[in-house]
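Down below is the structure, laid out as structure tokens.
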Amino acid sequence: MDKVMSNKKIIALYVLPALLLILAVVYIPIILTGYYGLTEWNGIGSPDFVGFENYAALLKDSAFWSSAWHALLLAIFSALSLIIYLAVAMVLASKIKGANLFRKIYLIPMLLSSVAIAQLWLRIYHPTNGILNSVLESFGVENTPEWLADPNLVLFAIFIPILWQYAGFYILIYYAALKNIPASLEEAAKIDGANALQIAWKIKLPLAMEVIKVTIVLAVVGSLKYFDLIYVMTNGGPNGASEVMASYMYKEAFKSYDFGYGSAIGFFLLLICLVATWIIRKLTATKDTIQYS
Amino acid sequence: MFKKKWTTLLLTASLAFAVAGCGNNGGNANEGAANDGANESGNKVTVNFMHLWPEGVSAGQNKIVNQIISDYQNENPNVTIKQEVLDNEQYKNKLKVLSASNQLPDVGVTWAAGFMQPYVEGNLFTPVDDLLSGELNGKFVAGTTEAYAMNGKTYALPLEFNIAPVYYNKAIFEKFNLEIPQTYDQFKTVVKTLSDNGVAPIALGNKDRWTGSLWYMYLADRIAGQDTLAKAIKGEASFTDAGLVQAAQEVQALVDGNAFVKGFNGLSNEEAKSEFINGNAAMYLMGTWELPNWTTNEDIPQEFRDSVGFFKFPTVDGGKGNIDSWVGGPGVGLFVSENSKVKDEAKKFVEYFVTKWGEQSVTGAGVIPATKVDTSAIELPQLYIDLFTEMNKASSITLFADVQMKADAAETHLNQIQSLFGKASTPDSFAKEHDAAIKAGK
């Protein structure tokens, strides 16, 4: 077996199917999108090459930048919420009663499809007979908010289900990372007289750091290209108040029939995600990874 | 060294595979075409038909489609009609994607004017004028096929014809001693009375935006007149016309007067409709395609269906509009793909479908077809007959603005409608944005 696997030709042969697949469904479309971004194309007939016109228009498009700002806000909120997830995971990992059950409960939203979640929260936010406003009314609030119709509220109203949707996923990742830390380290620290907070801060956190870095990238990039709940719940409205980059791209391409411009947005979004990933990797880079065992 | 060599080799190999793959597919497609060609001379023919009446959402229409198809297949045993059914929005998206890869179904559903323009310009739809001069000659209601005409040719045959009345809940009106408003001032009094009594006057789901557009269009029609509105939409006049700006102001005045259900800008049309059906809102401005829900749909309580009435959008004092002027127009029509390999069969099917649809949609689904119907011969709900009569004496029918405009301008119009209702846009900026978008000509 070792002999076979050291044969470079065999390795190449095994890699080939996956390589073909990823080329066909990921890299080639990316290159094509980049090309379409340089054209004016309504999706029918042949594209007209216009050079960097779309990108120039994009840089001046205030609707795009406001959607980019919304996506950035979502990224910031997602990244900050990771702190809460980490705390929850630490509690769950510290052998409390029912930890298993809680972990499963937290994971449920992750198992639902986005559209089902959107429908659920549409009902919660319903301005007259939604549960949220009913509860507020029972507390005597007179002018209950119009969650999804008020341009000042809608973005935050939509962030909540988005964060809720992925909470279980991150908690599960953190839980697994924390469970991976050898119990002997914790016991040793206890013998040395460290309290729970010190153990969490000085031992668990540094050892889970690699995983935390990955989740930050996942959360930020996932937020920047977020689409589903926004599309179903508000379709970017009212008047673009909850528009994000991906939903704006969709609208330009499929509603305004401007596939060239839509492709330019898509390609730009890819660049933004790459840059964001690079920045996060730079910021969180440590010289050497800590290893206690 | 190894790396470079192998990477190059691999890339070449993968390219070769990809090309070979395409080649194979191409070969198959050709084979298929050859078979289809042979089929026309008597063997099996398959006509692909894509439509947007899923069983769950449009039960009545879905039943008729299936009925017509099975009848057609019985009469023409060599033809198989293969259906693909999608929901409205998904239908539009799929049509777009299919057209980009030149794989439109043989027969499909399209909207008029602005929607079908790129398809016509891209030579994807085939003219159906030969059908119009054949058996179907003179069968269509005047003004319906014109909406599908471009450059002197007709590219689709209309199925439905709609106008938009204001439906109202008679029970609620009775409870507060309200009369049907004839003038806009009376209408405002009705709105105020309802609002003061804690009933939402109007159900509106403006997340979908075209719903709010109906309100603006009617106000514009009644204040500035049908002619001005039509010209502004075509780009021959400006939206800064005093009457059109006043219409936008009236929209905001209605919003200020709490005329619409709470949170209307975040509600979909379906959600708004359920507010009306549940009796939470008293009025609902919507197309005649909703008629089956007020007449024959057994899923909606009989008590409610009996209490639905309609009135014509009231006239505004000093306005140039006429009470018999409507917003509406043909709904969807059937097109035949230019690249269809079974074009003749497809056209025959369309002709059959349109004829049968006209006969069956009236009784079966309770929608108003684009072909002429003799209502006296069939027993129909009163609401249907009344609206049908109104339609026949309409002085003018203005096609929905978002259907008339080109895609990009329509998108601006819809966004501006939502901001106007949400007070994020002033009547003046509303007008200017429209002019700019229509001028851009996209």
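Looking at region B:408-437, which of its residues are open to solvent by 30 Å² or more (accessible area, probe 1.4 Å) and in contact with a Phe, Trp or Tyr (Cβ under 8 Å, 6 or more places away or on another chain)? Walk me through it before giving the result.
Going residue by residue through region B:408-437, those that are open to solvent by 30 Å² or more (accessible area, probe 1.4 Å) are B:408, B:412, B:415, B:422-424, B:426, B:428-429, B:432-433, B:435-436.
B:D408, B:K432, B:D435, listed by residue number.
Looking only at residues in region B:389-407 that are β-branched (V, I, T) and open to solvent by 30 Å² or more (accessible area, probe 1.4 Å), the one that is farthest from the other protein chains (Cβ to nearest Cβ) is B:T389. Kindly indicate whether any position in region B:194-217 is assigned to a helix (DSSP H, G or I), touching a residue at least 40 places away in the same chain (Cβ under 8 Å) and of a type in the set (K, R). No, region B:194-217 has no match at all.
Within region A:261-288, the set of residues being surrounded by fewer than 23 Cβ atoms within 10 Å (Cβ to Cβ) and in contact with a Phe, Trp or Tyr (Cβ under 8 Å, 6 or more places away or on another chain) comprises A:F268 only.
Within region B:85-97, restricting attention to residues that are within 10 Å of chain A (Cβ to nearest Cβ) and open to solvent by 10 Å² or more (accessible area, probe 1.4 Å), the residue that is nearest to B:P54 (Cα to Cα) is B:E89. Out of contact with any helix residue (DSSP H, G or I) (no Cβ under 6 Å at 6 or more places or on another chain), hydroxyl-bearing (S, T, Y), surrounded by 14 or more Cβ atoms within 10 Å (Cβ to Cβ) and closer than 30 Å to A:N235 by Cβ, is that true of A:Y106? The answer is no for A:Y106. Considering only residues in region B:287-317 that are more than 22 Å from B:E179 (Cα to Cα) and among the acidic types (D, E), the one that is modelled with the lowest pLDDT turns out to be B:E298.
Tell me, please, whether a residue that is within 26 Å of B:V251 (Cβ to Cβ) and touching a helix residue (DSSP H, G or I) at 6+ places or on another chain (Cβ under 8 Å) can be found in region B:331-352.
Yes, that holds for at least one residue.
The residues of region A:28-51 that are more than 10 Å from every other protein chain (Cβ to nearest Cβ) and either farther than 30 Å from B:D408 by Cα or more than 34 Å from the chain's Cα centre (by Cα) (or both) amount to a single one, A:D48. Output yes when any residue across region B:206-227 is open to solvent by 10 Å² or more (accessible area, probe 1.4 Å) and over 22 Å from B:L414 (Cβ atoms), and no when none is. Scanning region B:206-227 turns up at least one residue that is open to solvent by 10 Å² or more (accessible area, probe 1.4 Å) and over 22 Å from B:L414 (Cβ atoms).
For region B:277-296, the criterion of being open to solvent by 30 Å² or more (accessible area, probe 1.4 Å), in a loop (DSSP other than H, G, I, E, B), free of Cβ contacts under 8 Å to residues at least 60 places away in the same chain and within 14 Å of another protein chain (Cβ to nearest Cβ) is satisfied by at least one residue. Among residues of region A:215-254 being in a helix (DSSP H, G or I) and among the hydroxyl-bearing types (S, T, Y), the one that is farthest from A:L74 (Cα to Cα) is A:Y250.
In region B:161-186, which residue that is among the β-branched types (V, I, T) and surrounded by fewer than 18 Cβ atoms within 10 Å (Cβ to Cβ) is nearest to B:N293 (Cα to Cα)? Per the stated criteria, the residue is B:I180.
Just checking, does region B:351-364 include any residue being open to solvent by 40 Å² or more (accessible area, probe 1.4 Å), in a helix (DSSP H, G or I) and in contact with a Lys or Arg (Cβ under 7 Å, 6 or more places away or on another chain)?
The answer is yes, given that some residue of region B:351-364 is open to solvent by 40 Å² or more (accessible area, probe 1.4 Å), in a helix (DSSP H, G or I) and in contact with a Lys or Arg (Cβ under 7 Å, 6 or more places away or on another chain).
The values are calculated or read from the model by the stated rules, or taken from the named source; none is laboratory data. Here the structure is a predicted model, which is why all the values come from computation and not from measurement. Using ideal geometry, Cβ is built from the backbone for each residue, glycine included, and neighbour counts are taken over all protein chains shown. The protein model used for the area step is the full one, side chains on, heavy atoms only, and it has no ligands, DNA or RNA in it. Shrake-Rupley method; radii C 1.70, N 1.55, O 1.52, S 1.80 Å.
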